[in-house]
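K.L.:
Have a look at the structure that comes next, please.
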Amino acid sequence: MRIGKADAVRMIRREWRELITVYPSDRPWEMPFAAALSSGIPMLAGAAYGRMGDAVVASMAGLVFLYLPATPLHHRMVTIMACSFGMICCYATGVVSHLAPVAQVPLMTVAAILVTMVCRYYRVGPPGSLFFIMVAAAAAYSPGMLGDLPYRVGMLALGCINATAVAFI
């Protein structure tokens, strides 16, 4: 099937219009601002102390803020703390899989399956299991040694605490 020049131009115009159209959002304006804070505060602290590697790890934990549901405060806190725990477990799994390259693929596969199952069971909305698996994969391919494991996991945990505090405020 051949597409004529007029059809191609029409298709490009339609796609361009779709690309530049701004749709209204049902989220309050505070949500993107707070999400930027939960990832940005660790980066600011890392820049201030000259520890950008640690800041990147802690700012990845800021992604946990995106799992915040639009429910009463007590439910939001339980949800974000459970997601923080899952994020820490996934990151630790990724770090351990980096230390044992033979087990890297099986560990990451099991982690992806378990996280996806849990997210589907609890009907976690978008982004679902995406950021959990992304954090595990980032940890799996980051350089480090066995002695760095508690420190790196602790940095991610501090980032999760920061995201939880931003969500609480």
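Values in this text are rule-based calculations from the coordinates and carry no lab data. Since this is a predicted model, take the numbers as computed values, not measurements. For neighbour counting, all protein chains shown are included, and Cβ atoms are generated from backbone atoms with ideal geometry for every residue, glycine included.
K.L.:
By how many degrees, 0 to 90 and rounded to 10, does the Cα axis of helix 130-140 deviate from the longest principal axis of the chain?
P.N.:
Taking the Cα atoms of the chain, the angle to 130-140 is about 50 degrees.
K.L.:
Mean residue ellipticity at 222 nm from the helices of the chain, using -39,500 (n - 2.57) per DSSP H segment of n ≥ 4 over the full residue count, to the nearest 500 deg cm²/dmol?
P.N.:
-24000 deg cm²/dmol
K.L.:
How large is ³J(HN,Hα) for each residue in segment 149-163, as worked out from phi by the Karplus curve 6.51 cos²θ - 1.76 cosθ + 1.60 (θ = phi - 60°), to whole Hz, x for Gly and Pro?
P.N.:
4, x, 5, 5, 5, x, 4, 5, 5, 5, x, 5, 5, 4, 5
K.L.:
Report, to the nearest 10°, how far helix 30-49 tilts away from the longest principal axis of the Cα atoms in the chain, using its own Cα long axis and a range of 0 to 90°.
P.N.:
50 degrees
K.L.:
Further, regarding this structure: Over the Cα atoms, compute the radius of gyration (one decimal) and Dmax (the largest Cα-Cα distance, rounded to a whole number) for segment 1-49, in Å.
P.N.:
So, for segment 1-49, Rg and Dmax equal 20.7, 60 Å respectively.
K.L.:
With charges only on Cβ, +1 for K and R and -1 for D and E, what is the dipole size of segment 1-52 about its Cα centre, in debye, rounded to 20?
P.N.:
Values: 8 positive and 5 negative charges, 79 e Å.
Result for segment 1-52 is approximately 380 debye, rounded to the nearest 20.
K.L.:
If you fit an axis through the alpha-carbon atoms of helix 73-99 and take the longest principal axis of the Cα set of the chain, what angle between them do you get, 0 to 90°, nearest 10?
P.N.:
That works out to roughly 70 degrees.
K.L.:
Can you tell me which of Leu19, Leu37, Leu158 moves the most in a GNM of the chain? Springs connect C-alpha atoms under 10 Å apart.
P.N.:
In this elastic network of the chain, the residue with the biggest mean-square fluctuation among Leu19, Leu37, Leu158 is Leu19.
K.L.:
Sorted by packing (mean other beta-carbon atoms within 10 Å per residue), highest first, where do 111-122, 54-65, 80-91, 6-17 land? Please report the intermediate quantities before stating the final value.
P.N.:
Details: 111-122: 15.2, 54-65: 23.7, 80-91: 20.8, 6-17: 10.0.
The densest-packed peptide leads the list: 54-65, 80-91, 111-122, 6-17.
K.L.:
For segment 19-102, taking Cα atoms only, what is the radius of gyration to one decimal and the Dmax to the nearest whole Å?
P.N.:
That works out to 16.1, 48 Å for Rg and Dmax.
K.L.:
For Cα pairs less than 8 Å apart in space and 6+ apart in sequence, what is the mean separation divided by the residue count of the chain, i.e. the relative contact order in percent? Please list the in-between numbers first.
P.N.:
On the way: 182 pairs, mean separation 50.6, N = 169.
Reported relative contact order: 30 percent.
K.L.:
Another question, then. Taking just the alpha carbons, could you work out the radius of gyration and Dmax for segment 21-169, both in angstroms?
P.N.:
Rg, Dmax (Cα atoms, Å): 15.6, 50.
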